[in-house]
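The values are calculated or read from the model by the stated rules, or taken from the named source; none is laboratory data. Please read these numbers as outputs of a predicted model, since none were measured by experiment. Using ideal geometry, Cβ is built from the backbone for each residue, glycine included, and neighbour counts are taken over all protein chains shown. Areas reflect the complete protein model, heavy atoms only, side chains present, ligands, DNA and RNA absent. Shrake-Rupley method; radii C 1.70, N 1.55, O 1.52, S 1.80 Å.
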Amino acid sequence: MAGGQVSMGREISNPPTDGISNLRFSNTSDHLLVSSWDKTVRLYDAAANLLKGEFMHSAAVLDCCFHDDSSGFSASADNTVRRLVFGYGREDVLGTHDAPVRCIEYSYATGQVVTGSWDKNLKCWDPRGASGQERTLVGTYNQLERVYSLSVNGHRLVAATAGRHVNVYDLRNMSQPEQRRESSLKYQTRCVRCYPNQTGYALSSVEGRVAMEFFDTSEAGQSKKYAFKCHRKSEAGRDIVYPVNAIAFHPIYGTFATGGCDGFVNVWDGNNKKRLYQYPKYPSSIAALSFSRDGKLLAIASSYTYEEGEKLHEPDSIFVRSVNEVEVKPKPKMVANPAA
């Protein structure tokens with residue numbers, strides 16, 4: 001078993017005691033922020049395998065993101081958006097939604113926090129105005145459906161909602177979406193993540209598929225989009241399909257990892273439409289994934305996501321895996337020799 005443990009990565013001590021809703025690396029260090037259904041947000045030093053701080057909420061925490069190396073933001077099922085300052089053990093309430101806050105992003109380009117809720121609204125906040133909702137709320141933007149996933153890159157914001165709607169915004173002018181789209185996948189969206197090069201986004205669904213989309217609306221731009229099947233297996237002639245819960249892009253190579261309810265993490269080269277690597281099976285569903293800022297570490301939340309309802313399951317755990325270049329670097333295309 002020891003060999004298997006090594007290949008899964010190092011298990012982080014003091015993990016959450018209930019489902020892990022998200023985890024993210026800082027973009028300035030190997031600090032890792034983790035939100036959980038056990039009502040906590042925890043800050044770890046992943047390199048030292050050390051729990052550095054913890055905040056308790058009054059309900060499940062559905063998402064979290066960093067502000068800087070020692071502070072972050074949380075989105076909670078108690079409808080509240082908070083800033084958490086770990087060094088001082090201080091929390092500020094930015095404000096509230098009218099229903100659980102499902103996702104949260106911080107834009108380094110505009111200095112704003114963006115939240116998406118099951119109340120069918122996006123809200124933008126200025127954290128410099130904490131505490132007090134009047135001072136921090138920048139704007140509220142109605143969506144057609146409940147917000148399931150958000151991704152921010154540069155000035156772009158992509159919001160994926162129930163009903164397979166996708167809205168693309170420019171954070172500098174949120175009055176209306178730049179683009180209103182429909183997911184090219186037939187089933188419910190689980191995760192959306194912008195490409196590091198800011199040309200488009202990847203979208204995953206409950207039905208074992210990922211769509212690669214592009215912002216360029218020209219015919220040439222749209223001709224590049226495609227979708228592919230993943231996280232499925234054949235058993236006795238039957239296709240078993242698993243939700244794809246997580247997508248994480250490698251910050252250097254632009255390749256990406258997907259995590260599914262099958263307990264597998266796959267790494268893909270989107271440009272060449274190839275799978276580069278599959279890690280050994282993890283004990284439970286893959287609930288969340290995050291590459292460190294230099295792409296040398298991959299944090300993996302192995303945590304049952306209740307896709308089959310209440311049942312006995314493996315303990316929730318976080319693995320941090322050292323990434324070898326061969327797992328994430330695109331392979332050069334073979335060019336046929338014209339002289340041959």
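Spin-label model, Asp239 to Glu325: label points 7 Å out along the Cα-to-beta-carbon direction sit 3.8 nm apart.
Placing +1 on the Cβ of every Lys and Arg and -1 on the Cβ of every Asp and Glu, with no other charges, gives the stretch 268-324 a dipole of roughly 440 debye about its Cα centre. Between the amide H of Ala46 and those of His31, Leu32, distances stay under 5 Å, these residues lying 5 or more places away or on another chain, with hydrogens modeled in the peptide plane.
A simple rule links phi to the HN-Hα coupling: the Karplus curve 6.51 cos²θ - 1.76 cosθ + 1.60 with θ = phi - 60°, which for the stretch 158-168 gives 10, 10, 10, 10, 4, x, 6, 8, 9, 10, 10 Hz, with x for Gly and Pro.
In nm, to one decimal, how far is the Thr17 label point from the Lys281 one, both placed 7 Å along Cα→Cβ? According to this spin-label approximation, the distance is 3.0 nm. List the residues of the stretch 93-116 whose backbone N lies under 20 Å from a point placed 7 Å from the Cα of Ala162 along the Cα-to-Cβ direction. So the set is 97-104, 115-116.
Its Cα centre serving as origin, the stretch 140-285 has a Cβ charge dipole (Lys and Arg +1, Asp and Glu -1) of approximately 300 debye.
Once both labels are positioned 7 Å from their Cα atoms along Cα-to-Cβ, the gap between Arg232 and Asn272 label points is 2.5 nm. Semi-axes of the equivalent ellipsoid for the stretch 1-144, computed as √(5λ) from the eigenvalues of its C-alpha gyration tensor and ordered from largest down, come to 28, 16, 13 Å.
Computed over protein heavy atoms with a 1.4 Å probe, the carbon and sulfur contribution to the accessible area of the stretch 139-272 reaches 44%. Tell me, what is the FRET efficiency for Arg135 and Ala59 to the nearest 0.05, using R0 = 25 angstrom and their Cβ-Cβ distance as r? Computed FRET efficiency for Arg135 and Ala59: 0.55.
Each residue of the stretch 262-269 was assigned a 3J(HN,Hα) from its phi angle through the Karplus expression (A = 6.51, B = -1.76, C = 1.60, θ = phi - 60°), giving 7, x, 9, 10, 10, 10, 10, 9 Hz with x at Gly and Pro.
Only Lys, Arg, Asp and Glu carry charge here, each on its Cβ (+1 for the first two, -1 for the last two); on that basis the stretch 206-274 has a dipole of about 180 debye about its Cα centre.
Using 0.36 nm per residue and subtracting the Cα-Cα separation, the extra length available between Glu145 and Ser7 on full extension is 45.6 nm. Per residue, the accessible area of the stretch 203-340 comes to 50 Å² when a 1.4 Å probe rolls over the protein heavy atoms.
Only helical runs count toward this figure. For the chain, summing -39,500 (n - 2.57) over DSSP H runs of n ≥ 4 and dividing by all residues gives -1000 deg cm²/dmol at 222 nm.
Cross-link check: pairs Lys273/Lys296; Lys225/Lys331; Lys186/Lys296; Lys186/Lys329; Lys229/Lys329 evaluated at a Cα-Cα cut-off of 26 Å; pairs beyond the cut-off: Lys186/Lys296; Lys186/Lys329.
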